[in-house]
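First the structure, in the form of structure tokens, and then the observations on it.
The values are calculated or read from the model by the stated rules, or taken from the named source; none is laboratory data. Since this is a predicted model, take the numbers as computed values, not measurements. Please note: Cβ atoms are built from the backbone with ideal geometry, for glycine as well, and neighbour counts cover all protein chains shown. Ligands, DNA and RNA are stripped out before the accessible areas are found, and what is left, the full protein with its side chains, is counted by its heavy atoms. Shrake-Rupley method; radii C 1.70, N 1.55, O 1.52, S 1.80 Å.
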Amino acid sequence: MSETLPPAAGTTAYRVDELEVVPVGDPAGIDSFQVTDGGDVYRNTSPLREAFAIFAENKLAVASVVVLVLLVAFSFLGPLVYHSAQASSIIRQNQPPSGSFPLGTTPNGRDVLGRLMIGGQSTLEVGFAVAVFATVFGLVYGLVAGYFGGIVDSVLMRIVDALLSIPYLFFVVLLASLVIPNLLLIIGVITAVSWLSTARLVRGEALSLRTLDYVHASEGFGARRWWVQFRHIAPNLLGVVIVNGTLKVADAVLIFAAIGYLGMSVPPPATSWGVMLSSGITNLFDGYWWQLWPPGALIVITVLCVAVLGDGLRDVVERRLQKR
Amino acid sequence: MTGYILRRLVQSVVVTVLVSIIVFILLHTLPGGLVRAQLGPRASRLAVHDLAVQEGLTKPLPAQYLIWAWHALQGNLGFSYKENQSVASLLGEYLPRTMLLVGAAILLAVAVAVPMGLWQGMRRNRWDDHVMTGTMMALYSMPSFFLGIILIVLLNLDLHAFPSTAVNYGGSPGTDVADLVLPVLTLCLGNVTYFSRYMRSATIDNLLENYVRTAYAKGASSQRVLIKHVFRNSITSTVTMLGLTLPYVISGSLVIEALFDFPGVGLLFWNAAQARDYPILLGVILVVTLATILGNFLADLAYAVIDPRVRYT
């Protein structure tokens, strides 16, 4: 065997038989190995690849990603393929599932399957948008509180404590009653209660990271406080914050469903799974099961998948923390 | 212990004052202001001015806040013109029912979650642990009103066991208990997962502790180790969770009271939201939040009682 490896830019070419492949005992249990020529060591795992490998071990988490992608495709690409009757009509009210209406029709004569796609769009948009906004705002707020420290920190965090002790759904309903609901305002209202726990989490994590050696080292080199906070501490928070942000999607979908039930959601003809579910409840005693179970099932599946995905990401983050 | 309680008390008071300021600010960001909110958009300018003077709204804001806070401290939370009743008397009527609903649901949830979490921790990653975790995840993933509907379908429509509305709750003690069953069960099942999850992970952590190994080495039976050592150490974190989940449980009661027509503050609040009855909305928010802060404080007290380590720091 005397093949030569193609030399990458700036590296030496080795013959394969000069190299030794050494399996490495890895706490993550991945088949990782090192390539060594006796002196230098070349590892095959980049941090990102390693993270993927840990994530891929969790089959349930991988499956939930697939399901979530399918749900997004169903909601956003579905209407391009499946053209359904979405005008209200009194001649096809409350029809049971049939060939022309695979999941029946609503009390307004709209096709339920097509309506699920439209409702999915708003539900998923709210879920993801709230998670992103709440995470970004909570991250910045927590870091800023930690950056200033002292009295500013105390005041900022006591405000968070105070807002967190207001039962969030009461706060959401009050805010929603102040505005005429549209999707953007609803995203804002749910974000207003969702960023709080992120801010508290970031604040706590940032405090514990402050005691680590590399932060001391950076401070020893004369780094300014904002540099330490945003260059060293912020990136190391990302893992925990991303896990938290994922679970925020689940919470936001549930809150959106709840305000749909409480009649404070997007007005018709727009809809959401929560609104569809609550109108299904109104007709529960008439036996129109096709209006009730499909939106309910989709909400449960979405929240479940997001929660399982969050657990999978937590595994990745915690394993990497252990290795540090 | 006194130092710990005192610190927590001061914290609670600070948070309470902040909440009152937040509610006060909300009161003043209302579209058209407090007076318009009470009199409606068609009131004459004179009437608006009279009420503004009468309510002290022409004074500077900090003075208004102090007056409002002083009134609130005396139990005067304003007057609902739509219900033609003072907010305080409405709360006096509705709040005890919600406290009963929330209290019963939490007690039931803890009674289910603690043994279950302990069991799951012992049987970690076995099939029964997975089944229970999966069930809890499914319950968590359900909007509470969907869970309530499933219970209505199972227990009311199919079995005719319990009434699906509690609209007459408070009428007679006999029917009251039956009326409570479905709302309490729904609220409990929706929140049991928070407690069981913590109990499970606390049990797993504690089982790995050295004192557990020592206890086994000294020849203690596994029953004794579990009850004297693992349970005692795991319950503390669950008690802390009790305080922290209170806002979630009370939030849940809003939807559940709306679903079952249960006449508690949640239903009062929801009806007020639809009628834009701001004195009620803000009064309920203030009182419900104070109840949460108080509950948090009590959970911390219980924590100090259960965990001797807190007492000596």
Q. From A:221, A:171, which residue is without any contact (Cβ under 8 Å) to a residue 24 or more places away in the chain and within 14 Å of chain B (Cβ to nearest Cβ)?
A. A:171
Q. Across the stretch B:71-80, which residue is least open to solvent (accessible area, probe 1.4 Å) among those that are among the hydrophobic types (A, V, I, L, M, F, W, C) and either modelled with pLDDT of 80 or more or under 14 Å from residue B:28 (Cβ atoms) (or both)?
A. B:72
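Conditions tested, residue by residue: (1) open to solvent by less than 20 Å² (accessible area, probe 1.4 Å); (2) part of a helix (DSSP H, G or I).
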residue: A:240; (1), (2): no, yes
residue: A:247; (1), (2): no, yes
residue: A:253; (1), (2): yes, yes
residue: A:266; (1), (2): yes, no
residue: A:271; (1), (2): yes, no
residue: A:293; (1), (2): no, yes
residue: A:298; (1), (2): no, yes
Q.
Give all pairs with beta carbons closer than 7 Å in which a residue from the stretch A:86-107 that is touching a residue at least 24 places away in the same chain (Cβ under 8 Å) meets a residue that is open to solvent by 70 Å² or more (accessible area, probe 1.4 Å) and among the basic types (Lys, Arg); count only pairs at least 6 apart in sequence or on separate chains.
A. none
Q: Could you tell me whether residue B:273 is assigned to a helix (DSSP H, G or I), without any contact (Cβ under 8 Å) to a residue 12 or more places away in the chain, within 13 Å of chain A (Cβ to nearest Cβ) and among the aliphatic types (A, V, I, L, M)?
A: yes
Q.
modelled with pLDDT under 80, over 24 Å from residue B:235 (Cα atoms) and within 14 Å of chain A (Cβ to nearest Cβ): which single residue out of B:151, B:157 fits that description?
A. B:157
Q: Please give the number of the condition residue B:125 fails out of (1) of a type outside the set (Asp, Glu); (2) outside any helix (DSSP H, G or I); (3) in contact with a helix residue (DSSP H, G or I) (Cβ under 9 Å, 6 or more places away or on another chain).
A: (3)
Q. Among B:213, B:232, B:197, which is within 26 Å of residue A:190 (Cβ to Cβ) and either in contact with a His (Cβ under 7 Å, 6 or more places away or on another chain) or among the basic types (Lys, Arg) (or both)?
A. B:197
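For every residue, the table says whether it meets (1) of a type outside the set (Gly, Ala, Ser); (2) more than 30 Å from residue A:110 (Cβ to Cβ).
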position	(1), (2)
A:213	yes, yes
A:225	yes, yes
A:242	yes, yes
A:250	no, no
A:257	no, no
A:268	yes, no
Q.
Would you confirm whether or not the stretch A:312-319 contains a residue that is within 20 Å of the chain's Cα centre (by Cα), of a type outside the set (Val, Ile, Thr) and closer than 20 Å to residue A:195 by Cα?
A. yes
Q. Which condition does residue B:257 not pass, out of (1) surrounded by fewer than 19 Cβ atoms within 10 Å (Cβ to Cβ); (2) of a type in the set (D, E, K, R); (3) more than 30 Å from residue B:309 (Cα to Cα); (4) more than 8 Å from chain A (Cβ to nearest Cβ), if it passes all the others?
A. (1)
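The rows are residues; the columns are (1) open to solvent by 60 Å² or more (accessible area, probe 1.4 Å); (2) among the charged types (D, E, K, R); (3) modelled with pLDDT under 85; (4) within 26 Å of residue A:258 (Cα to Cα).
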| position | (1), (2), (3), (4) |
| --- | --- |
| B:173 | yes, no, yes, no |
| B:177 | yes, no, yes, no |
| B:185 | no, no, no, yes |
| B:192 | no, no, no, yes |
| B:200 | no, yes, no, no |
| B:232 | yes, yes, yes, no |
| B:236 | no, no, yes, no |
| B:240 | no, no, yes, no |
Q.
When the residues of the stretch A:137-162 are narrowed to those that are open to solvent by 70 Å² or more (accessible area, probe 1.4 Å) and under 12 Å from residue A:202 (Cα atoms), which ends up modelled with the highest pLDDT?
A. A:137
(Q) among the hydrophobic types (A, V, I, L, M, F, W, C), part of a helix (DSSP H, G or I), touching a residue at least 40 places away in the same chain (Cβ under 8 Å) and buried (at least 22 other Cβ atoms within 10 Å of the Cβ): is that true of residue A:234 in this structure? (A) no
Q. Does residue A:201 fit the bill of being modelled with pLDDT of 85 or more, within 14 Å of chain B (Cβ to nearest Cβ) and either open to solvent by 50 Å² or more (accessible area, probe 1.4 Å) or outside any helix (DSSP H, G or I) (or both)?
A. yes
Q) Are any residues in the stretch A:105-116 open to solvent by 10 Å² or more (accessible area, probe 1.4 Å) and either under 27 Å from the mean Cα position of the chain (by Cα) or modelled with pLDDT of 90 or more (or both), and if so, which ones? A) A:113, A:115
Q) Picking from B:57, B:100, which residue would you name as being outside any helix (DSSP H, G or I), open to solvent by 40 Å² or more (accessible area, probe 1.4 Å), on the phi < 0 side of the Ramachandran plot and of a type outside the set (D, E, K, R)? A) B:57
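Every residue, every condition in (1) open to solvent by 50 Å² or more (accessible area, probe 1.4 Å); (2) assigned to a helix (DSSP H, G or I), yes or no:
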| site | (1), (2) |
| --- | --- |
| B:24 | no, yes |
| B:28 | yes, yes |
| B:35 | no, yes |
| B:49 | yes, yes |
| B:69 | no, yes |
| B:82 | yes, no |
| B:93 | yes, yes |
| B:110 | no, yes |
Q) Is there any pair with a first residue in the stretch B:206-225 that is under 13 Å from residue B:121 (Cβ atoms) and a second that is open to solvent by 70 Å² or more (accessible area, probe 1.4 Å) whose Cβ atoms are under 7 Å apart and which are 6 or more apart or on different chains, and what are they? A) B:225/B:216
Q. Of all residues in the stretch B:202-211, which are open to solvent by 60 Å² or more (accessible area, probe 1.4 Å) and either under 22 Å from residue B:134 (Cβ atoms) or part of a helix (DSSP H, G or I) (or both)?
A. B:205, B:210, B:211
Q. Residue A:303 fails exactly one of the following numbered conditions: (1) surrounded by fewer than 24 Cβ atoms within 10 Å (Cβ to Cβ); (2) within 26 Å of the chain's Cα centre (by Cα); (3) within 14 Å of chain B (Cβ to nearest Cβ); (4) closer than 30 Å to residue A:111 by Cβ. What is the number of that condition?
A. (1)
